[in-house]
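Enquirer: Got a structure here, written out as structure tokens. Questions coming.
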Amino acid sequence: MNKLAIAAALAATAAALTIPAFAQESRMQSSAWFNQQQSALHELSEDDGWATLEGGVKFRRTAGDGTGPAPTVRDIVSVHYSGSLTDGTVFDSTEGRDPATFPLNRLVPAWQVAIPYMGVGDTAEIAVPAEMGYGPRGAGPIPGGATLFFTIELMDVMVPPGT
């Protein structure tokens, strides 16, 4: 029985020694992943047409001239959009579907900042730092801390009833 107790103690010690190494490796991967998320934002330059808006949101108009009716955060917007992660994985899109209609004030902060810079008929790309998107927790297929890219076409702006 003494040998059994020694074997159990050795197994527990071995497990305790491997946990910190595993945790350190996991943290290093998380740091590398986080750095890649930040790098994706910093690679977007003014020379390529990117402007930096409030909260570090990057914005680039790809179609239209911004002269159509523009929404305020209190409005309802109808949009076609596609959202992807930094590796190009599309996590949501209206492609092949009807436009999506949302109260703008219920969307992630980055959309509330960027869409008012658009006029109806414009298409823009936005790059979203995690804190202006889904933050450290993420949502659904979006991991926590993710930088997001959206292509958004503003189809219509509607004023909510009673305003």
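The values are calculated or read from the model by the stated rules, or taken from the named source; none is laboratory data. Here the structure is a predicted model, which is why all the values come from computation and not from measurement. Quick reminder, even Gly has a Cβ in these numbers, built from the backbone with ideal geometry, and neighbours come from all protein chains shown. All accessible areas refer to the heavy atoms of the entire protein, side chains included, with ligands and DNA or RNA removed. Shrake-Rupley method; radii C 1.70, N 1.55, O 1.52, S 1.80 Å.
Enquirer: Residues in the stretch 29-43 that are hydrophobic (A, V, I, L, M, F, W, C) and either under 13 Å from residue 114 (Cβ atoms) or open to solvent by 50 Å² or more (accessible area, probe 1.4 Å) (or both): how many?
Expert: Summing the residues that are hydrophobic (A, V, I, L, M, F, W, C) and either under 13 Å from residue 114 (Cβ atoms) or open to solvent by 50 Å² or more (accessible area, probe 1.4 Å) (or both) in the stretch 29-43 gives 3.
Enquirer: Of the residues that make up the stretch 80-100, is at least one closer than 17 Å to residue 146 by Cβ, touching a strand residue (DSSP E or B) at 6+ places or on another chain (Cβ under 8 Å) and among the aliphatic types (A, V, I, L, M)?
Expert: First, pick out the residues of the stretch 80-100 that are closer than 17 Å to residue 146 by Cβ: 81-93.
Those left that are additionally touching a strand residue (DSSP E or B) at 6+ places or on another chain (Cβ under 8 Å): 81-86, 90-93.
From what's left, among the aliphatic types (A, V, I, L, M): 85, 90.
Within the stretch 80-100, one or more residues are closer than 17 Å to residue 146 by Cβ, touching a strand residue (DSSP E or B) at 6+ places or on another chain (Cβ under 8 Å) and among the aliphatic types (A, V, I, L, M).
Enquirer: Here's something else I'd like to know. With the stretch 45-158 as the region, which strands (runs of 3 or more DSSP E) entirely inside it contain at least 2 residues that are among the β-branched types (Val, Ile, Thr) and either touching an Asp or Glu at 6+ places or on another chain (Cβ under 6 Å) or crowded, with 17+ Cβ neighbours inside 10 Å (or both)? Before the answer, list the steps.
Expert: On the way: elements: 58-63, 76-85, 90-93, 100-103, 123-128, 148-158.
In the stretch 45-158, 76-85, 123-128, 148-158 are the strands (runs of 3 or more DSSP E) which contain 2 or more residues that are among the β-branched types (Val, Ile, Thr) and either touching an Asp or Glu at 6+ places or on another chain (Cβ under 6 Å) or crowded, with 17+ Cβ neighbours inside 10 Å (or both).
Enquirer: From the list 69, 116, exactly one residue is under 20 Å from the mean Cα position of the chain (by Cα), farther than 21 Å from residue 142 by Cα and in contact (Cβ under 8 Å) with a residue 12 or more places away in the chain. Which is it? Explain how you work it out, then say what you get.
Expert: Values: 69 fails: under 20 Å from the mean Cα position of the chain (by Cα).
Result: 116 is the single residue among 69, 116 that is under 20 Å from the mean Cα position of the chain (by Cα), farther than 21 Å from residue 142 by Cα and in contact (Cβ under 8 Å) with a residue 12 or more places away in the chain.
Enquirer: Could you please tell me which pairs satisfy a Cβ distance under 9 Å, a separation of 6+ or placement on different chains, a first residue in the stretch 30-59 that is touching a residue at least 12 places away in the same chain (Cβ under 8 Å), and a second residue that is assigned to a helix (DSSP H, G or I) and of a type in the set (Val, Ile, Thr)?
Expert: Pairs found: 53/113; 54/113; 55/113; 57/113; 59/113.
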